[in-house]
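Visitor: Handing you this structure, nothing more for now.
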Amino acid sequence: MKVVCPGSFDPITNGHLDIIERAAQQFDEVVVLVTGNPQKTSGLFTLEERVELIREAVAPWPSVSVEWWSSLLVDYTSSHGVDAIVKGLRSSLDYEYELPMAQMNRRLSGIDTLFFFTSPQWGYISSTLLKEVARYGGAIADLVPPGVAAAIERKWGTQGTD
């Protein structure tokens, strides 16, 4: 079974990796799909940087690949033989946000969305919160893969990686 884990991943966090690793244990093939989000007008990393950082982070799992997509998710799933969408849920707020999208995707293409609950140690992490903490010098190195911590340090100096 082939699944896709879509998201903006700006940047990818250990919470994202938790969901991706668990999906890789359950399914034959996992595609981490970096997508554009029209509600996020500016990002820390370019699309190319995000894809490269994710490829580095998922390298230990041979069944995981990384691609990018800038159109409807269901167009990708239909044209690439994807059986299901995998999303992580941190809280009921995530569920409220994700449910309408899952229902629309099902209506448009018949594809199901499978929800994985985030492991408790990562449940409070979001890319948005992480960027805010890092921007003001907070320590984030234990919340992201090493390559991401190094990339943030290169972007913003030594802030956020102590």
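The values are calculated or read from the model by the stated rules, or taken from the named source; none is laboratory data. Just so it is clear, the model here is predicted, and its values are computed rather than measured. For neighbour counting, all protein chains shown are included, and Cβ atoms are generated from backbone atoms with ideal geometry for every residue, glycine included.
Visitor: When Ile19 is evaluated against the numbered criteria (1) in contact with a Cys (Cβ under 7 Å, 6 or more places away or on another chain); (2) closer than 21 Å to Ala134 by Cα, which criterion, by number, is the only one it fails?
Guide: For Ile19, the failing item is (2).
Visitor: If you don't mind, another one. May I ask you to verify whether Asp142 is within 27 Å of Leu72 (Cβ to Cβ) and among the charged types (D, E, K, R)?
Guide: no
Visitor: Looking at region 46-74 only, could you name the residues that are over 24 Å from Val144 (Cα atoms), part of a helix (DSSP H, G or I) and either free of Cβ contacts under 8 Å to residues at least 24 places away in the same chain or within 16 Å of the chain's Cα centre (by Cα) (or both)?
Guide: Of everything in region 46-74, just one residue is over 24 Å from Val144 (Cα atoms), part of a helix (DSSP H, G or I) and either free of Cβ contacts under 8 Å to residues at least 24 places away in the same chain or within 16 Å of the chain's Cα centre (by Cα) (or both), namely Leu73.
Visitor: Would you please name the residue that is nearest to Met101 (Cα to Cα), looking only at residues in region 30-69 that are at pLDDT below 90 and of a type in the set (Ser, Thr, Tyr)?
Guide: It comes out as Thr35.
Visitor: From the list Thr77, Thr113, which residue is outside any strand (DSSP E or B), closer than 12 Å to Cys5 by Cα and modelled with pLDDT of 95 or more? Walk me through it before giving the result.
Guide: Working: Thr113 fails: outside any strand (DSSP E or B).
Of Thr77, Thr113, the one residue that is outside any strand (DSSP E or B), closer than 12 Å to Cys5 by Cα and modelled with pLDDT of 95 or more is Thr77.
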